[in-house]
Amino acid sequence: MPSPYHIAMFAPAPNIALPDANATFLMLLRWIHFLAGITWIGLLYFFNLVNVPFMKELDAPTKGKVIPSLMPRALWWFRWAAVVTVVAGLAYWGNIVGADAHNGGGSPGAVMGRFFLIWTIVWAILYACLIPGKGVLDKGPVLAAIYAVVIVIAAWLFLCWNNHGWESNRLLSIGIGGGISWMMMLNVWGVIWRIQKRLILWTRDNATNGTPIPEKSKAMARMAFLTSRANAFFSIPMLFFMGAASHYPMFGK
Ligand code: HEM
């Protein structure tokens, strides 16, 4: 067996040449983006695919033990991973938008402005659909159909509004995928965490000193469930557009 010395003697030294500082910074952003994104979406799938069916099998005393211990920890990583994913993603995207706008004589601020305007309004429309919490707007398939139509219209609007010939496939793909993810993050902080932290407190108080859990907790739990389900479905087109950015040039350049 040749010793490492002999291997080193005969094997050509690997050619390692680190790219420049800007490329290294972007790679760091991308790395943080992946790590935080996997943590966020991984926990989202855990909640939807494992935790919801698991909780249905537990009786109230067991829930009183499990929920106050499991959920605060899981929701802490969930909501902060969402923030880190989005901030790293936006910083990375800002670099792409800046380069495209510079080359095309456009305004990066206008692209970002349209991004936040469109996708925040979409989030508000989808949230408004959840507020009644009864009748057809309490049916998953109906909400899914409404959500799909609204998001397709928003994506189309983003493409039409950013169609000056200099926008790259990376800018446009992330403009849609990142927009969906921006809404998902607003759902995490604006709906899921806001509701779950109260449900955890009520469950804990009920388990420790028998305080009855308020009746309204049922409607709140339903809203958090529907929002989490919606986020799980949103993650599918979101990840498509993340991957399409550099690998599937469907939006021209
Ligand atoms: C506002 C939210 C987000 C923004 C602004 C954003 C932005 C970006 C940008 C600019 C890229 C690089 C694209 C390229 O190199 O052409 C990217 C890639 C990627 N993003 Fe995001 N992202 C967001 C959310 C997410 C989320 C939630 C995930 C979940 C895991 C995610 C996963 C990925 C992956 C896997 C890639 C790599 C694609 C590839 O190189 O093939 N992103 N994202």
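The values are calculated or read from the model by the stated rules, or taken from the named source; none is laboratory data. In this text the structure is predicted, and so the values were computed from the model without any measurement. Ideal geometry is used to build each Cβ from the backbone, glycine not excepted, and the neighbour counts take in all protein chains shown. With ligands, DNA and RNA removed, areas are computed over all heavy atoms of the protein, side chains included. Shrake-Rupley method; radii C 1.70, N 1.55, O 1.52, S 1.80 Å.
Details
- Conditions (1) open to solvent by 50 Å² or more (accessible area, probe 1.4 Å); (2) over 23 Å from the mean Cα position of the chain (by Cα); (3) within 16 Å of the ligand (Cβ to nearest atom); number of the one not met by ASN209: (3)
- Residue selection: TRP182 fails the criterion of being within 30 Å of GLY135 (Cβ to Cβ), surrounded by fewer than 17 Cβ atoms within 10 Å (Cβ to Cβ) and in contact (Cβ under 8 Å) with a residue 40 or more places away in the chain.
- Options VAL152, VAL142, VAL136, VAL122; residue that is open to solvent by 30 Å² or more (accessible area, probe 1.4 Å) and under 29 Å from GLY106 (Cα atoms): VAL152
- Identification of helices (runs of 4 or more DSSP H) wholly contained in the stretch 1-78 with 1 or more residues that are of a type in the set (A, V, I, L, M, F, W, C) and within 15 Å of the ligand (Cβ to nearest atom) yields 21-46.
- Comparison of ILE32, ILE16, ILE41, ILE7 shows that the only residue that is of a type in the set (A, V, I, L, M), open to solvent by 90 Å² or more (accessible area, probe 1.4 Å) and farther than 30 Å from ALA207 by Cβ is ILE16.
- In this entry, ALA110 is excluded by the filter for residues that are among the hydrophobic types (A, V, I, L, M, F, W, C) and in contact with a His (Cβ under 8 Å, 6 or more places away or on another chain).
- Considering residues of the stretch 97-119 that are within 11 Å of the ligand (Cβ to nearest atom) and open to solvent by less than 20 Å² (accessible area, probe 1.4 Å) only, the residue nearest to the chain's Cα centre (by Cα): TRP119
- Hits in the stretch 212-239 (condition: surrounded by 14 or more Cβ atoms within 10 Å (Cβ to Cβ) and of a type in the set (Asp, Glu)): none
- Residue match in the stretch 57-68 (condition: without any contact (Cβ under 8 Å) to a residue 60 or more places away in the chain, closer than 30 Å to MET238 by Cα and either open to solvent by 80 Å² or more (accessible area, probe 1.4 Å) or of a type in the set (A, V, I, L, M, F, W, C) (or both)): no
- Test result for ILE131, within 15 Å of the ligand (Cβ to nearest atom) and either closer than 29 Å to TRP77 by Cβ or of a type in the set (Ser, Thr, Tyr) (or both): no
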